[in-house]
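The values are calculated or read from the model by the stated rules, or taken from the named source; none is laboratory data. All values reported here derive from a predicted model rather than from experimental measurement. Virtual Cβ from ideal backbone geometry, glycine too; neighbours counted across all protein chains shown.
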Amino acid sequence: MKGKFPVEKFEKVRTPFYYYDTDLLRQTLSAINSETGKYNDFYVHYAIKANANPKVLKIISQSGLGADCVSGGEIQRCLETGFSPKKIVYAGVGKADWEINLGLDKNIFCFNVESVAELEVINELAAKKGKVARVCFRINPDVGAHTNAKITTGLAENKFGIAMRDMEPAIAEAARMENIKFVGLHFHIGSQILDMGDFSALCNRINNILDELDKKHIKVENINVGGGLGIDYQHPNRMPIPDFEAYFSTYARHLKLRPGQKLHFELGRSVVGQMGSLITRCLYVKQGTAKQFAIVDAGMSDLIRPALYQAYHKIENITSDEPLSTYDVVGPICESSDVFAKAIDINKTHRGDLLAIRSAGAYGEIMASQYNCRKLPEGYITEDLVENE
Ligand code: LLP
């Protein structure tokens, strides 16, 4: 066994595949639960878009977390893997009728509504079923986050949410609708956020909004601040469990919750990011004119983050102990962006060596495609490999 990886067990599995370290996942979940346990009325809904592997979801649902869904497919997956519908929140700018009907049939906790047009459709569909839909409004807070432009969501220019000036008319509209119950406000400013100042900026914005609503005697039962806590991609071993203490205490200190108000979070990446690695085998080492390439059997179809966001994932050769050498690590896909890393130093690599592409538990397997008619990668949890013995 090299490092934390059961390399001998990996040798028996067809590559490429995702490996999920369930010890780390369980430790991460218990860190979340012990931090939120310090506060009254803090509720975490795991953002299942980050990783919807059923075995991973079962472990998360068993820990007691709720789920944040963005599609009917995600709601179905959550129900199959043990999440209580009472802990499901459902966001998304484009909810189809069948998806809204599914949420109504299953009595989910709430719909995070992103437009008045959507509110009208939910009201109609709920009326047909003789139900009352619980609704939070997703407000675009126009708060920037210091992260990749492709994953900020809370700016005025983004497609998400209802503009602040339209919030009160939307709440008034909801109050007039018979089959709608307004239960709160929802926000999300972006992803891979490491600066707690971004979250306190969101708190300040929410405090102002609540002051305004107080003046109009509008009661807000639930505040949902979305997700966004980042992880350390550079050093996956340094702090594999993100600093949940700093994260939750930022909200506890800065947000002025009203008595009885409940605070909801939608964490994705920080729950599952570090427990996952993409395990791939070196097919060929090629000496180019200017560079040395390690050509591996995983490609951008398996992990698209480097190609799509120029995201950094640390790569380790988990077979070789030889001195370091410099490689571009590339996949077999017919695109020049099919590159996992350029000019990185890893142990001297040979055909057949296994490489671990780290911090790939979030937005990895779930974003895989069949481009070039490739098979989708399998996802194995620690227990799968032990049972295979
Ligand atoms: N809530 C809402 C409304 C969201 O849009 C998202 C992520 C989350 C929660 C969870 O955010 P997290 O805690 O994971 O940061 N594919 C990109 C990330 C896209 C994030 C989309 N929304 C990536 O690979 O970096």
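Scanning the stretch 319-339 for residues that are within 20 Å of residue 14 (Cα to Cα) and part of a strand (DSSP E or B) yields a count of 2. Applying the criterion of being modelled with pLDDT of 70 or more and part of a strand (DSSP E or B) to the residues of the stretch 137-167, the residue that is farthest from the ligand (Cβ to nearest atom) is 163. Which residue is surrounded by the fewest Cβ atoms within 10 Å (Cβ to Cβ), if the candidates are limited to the stretch 282-301 and must be at pLDDT 95 or above and either out of contact with any strand residue (DSSP E or B) (no Cβ under 6 Å at 6 or more places or on another chain) or β-branched (Val, Ile, Thr) (or both)? Ranking the qualifying residues of the stretch 282-301, first place goes to 285. For the stretch 197-232, the set of residues classified as without any contact (Cβ under 8 Å) to a residue 40 or more places away in the chain and among the hydroxyl-bearing types (Ser, Thr, Tyr) is empty. With respect to residue 302, determine if the residue is outside the structural domain of residue 192 (by TED's automatic domain parsing), within 14 Å of the ligand (Cβ to nearest atom) and among the charged types (D, E, K, R). So residue 302 passes the test. Taken together, 263, 255, 267, 278 contain a single residue that is buried (at least 16 other Cβ atoms within 10 Å of the Cβ), away from the ligand (no atom under 16 Å from the Cβ) and either over 19 Å from the mean Cα position of the chain (by Cα) or in contact (Cβ under 8 Å) with a residue 60 or more places away in the chain (or both), which is 255.
Residue check: is residue 31 closer than 29 Å to residue 129 by Cβ, assigned by TED's automatic domain parsing to the domain that holds residue 258 and either within 16 Å of the ligand (Cβ to nearest atom) or assigned to a helix (DSSP H, G or I) (or both)? It is false that residue 31 is closer than 29 Å to residue 129 by Cβ, assigned by TED's automatic domain parsing to the domain that holds residue 258 and either within 16 Å of the ligand (Cβ to nearest atom) or assigned to a helix (DSSP H, G or I) (or both). Only one of the numbered conditions (1) among the polar types (S, T, N, Q); (2) out of contact with any helix residue (DSSP H, G or I) (no Cβ under 9 Å at 6 or more places or on another chain); (3) within 16 Å of the ligand (Cβ to nearest atom) is violated by residue 208, and that is (3). Screening the stretch 34-59 for residues that are within 16 Å of the ligand (Cβ to nearest atom) and in a helix (DSSP H, G or I) and picking the one that is nearest to the chain's Cα centre (by Cα) gives 50. Within the stretch 311-326, the set of residues being in contact (Cβ under 8 Å) with a residue 40 or more places away in the chain and either within 16 Å of the ligand (Cβ to nearest atom) or more than 25 Å from residue 240 (Cα to Cα) (or both) comprises 311, 312, 313, 314.
Looking across 201, 174, one residue alone is of a type outside the set (Ser, Thr, Tyr), in a helix (DSSP H, G or I) and closer than 11 Å to residue 137 by Cβ. It is 174. When we screen 67, 52, 91 for residues that are over 27 Å from residue 280 (Cα atoms) and touching a residue at least 60 places away in the same chain (Cβ under 8 Å), the only hit is 91. Selection of helices (runs of 4 or more DSSP H) fully inside the stretch 71-136 by the criterion of at least 1 residues being over 20 Å from the mean Cα position of the chain (by Cα) and surrounded by fewer than 16 Cβ atoms within 10 Å (Cβ to Cβ) returns 97-105, 116-128.
Taken as a whole, the stretch 182-196 holds no residue that is in contact (Cβ under 8 Å) with a residue 60 or more places away in the chain, in contact with a strand residue (DSSP E or B) (Cβ under 7 Å, 6 or more places away or on another chain) and either surrounded by fewer than 19 Cβ atoms within 10 Å (Cβ to Cβ) or not in a strand (DSSP E or B) (or both). Restricting the stretch 227-247 to residues that are over 17 Å from the mean Cα position of the chain (by Cα) and of a type in the set (A, V, I, L, M), the residue that is surrounded by the most Cβ atoms within 10 Å (Cβ to Cβ) is 246. What residue, among those in the stretch 60-96 that are more than 17 Å from residue 113 (Cβ to Cβ) and of a type in the set (A, V, I, L, M), is farthest from the ligand (Cβ to nearest atom)? My answer is 79.
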